[in-house]
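Some notes on the structure that comes next.
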Amino acid sequence: QVQLVESGGGLVQPGGSLRLSCAASGSIFSIAVVGWYRQAPGKQRELVAKITSYGVTTYTDSVKGRFTISRDYTKTMTYLQMNSVKPEDTAVYYCNVEERAGGTYWGQGTQVTVSS
């Protein structure tokens, strides 16, 4: 099993920056993909960015060029650097992992609010 804890959310002004962190513990070497998802009020949860164990990254179109996902060499920390944020980035952001064996786990989420 994998346990996930997100941090780094908060209130940020439009055009500002924020870095989210996802700390993984447990069977971290079973992780194949780490992803950041978000869910805004009244909307479905959507993929924001993901990174494979080989370092291949994928982004949803609305954040390309503004957000960067990265993972540290210990494989315990995954980050989402959010630059040039917009009000439409306001959501609860969740960390997700997919194991090679097929298991999937979610963190508890962290709120990001973009407002002046």
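The values are calculated or read from the model by the stated rules, or taken from the named source; none is laboratory data. Keep in mind that this is a model prediction, so the values were computed, not measured. Virtual Cβ from ideal backbone geometry, glycine too; neighbours counted across all protein chains shown. Accessible surface areas use protein heavy atoms only, side chains included; no ligands, DNA or RNA. Shrake-Rupley method; radii C 1.70, N 1.55, O 1.52, S 1.80 Å.
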Taking the Cα-to-Cβ direction at residue 44 and at residue 7 and moving 7 Å from each Cα, how far apart do the two end points lie in nm?
3.4
What's the extension gain from residue 17 to residue 52 if we count 0.36 nm per residue and subtract their Cα-Cα distance?
10.2 nm
Please sort by residue number the trypsin sites (Lys or Arg not before Pro) in segment 1-98 whose DSSP state is loop and whose Cβ has at most 13 other Cβ atoms within 10 Å.
43, 64, 75
Tell me the chymotrypsin sites (Phe, Trp or Tyr not before Pro) within segment 11-112 that lie in a loop according to DSSP and have at most 10 other beta-carbon atoms within 10 Å.
54, 73
Compute the semi-axes of the equivalent ellipsoid of the chain, taking the square root of 5 times each eigenvalue of the Cα gyration tensor, and list them largest first in whole Å.
24, 14, 13
Relative compactness, segment 70-116, computed as alpha-carbon Rg over 2.2 N^0.38 Å:
1.42
Using the alpha-carbon centroid of each, what span in Å lies between segment 85-115 and segment 56-78?
12
So the carbon and sulfur contribution to the accessible area of the chain, 1.4 Å probe, in percent, is 51
Subtracting the Cα-Cα distance of residue 32 and residue 76 from 0.36 nm times their residue separation yields 14.6 nm
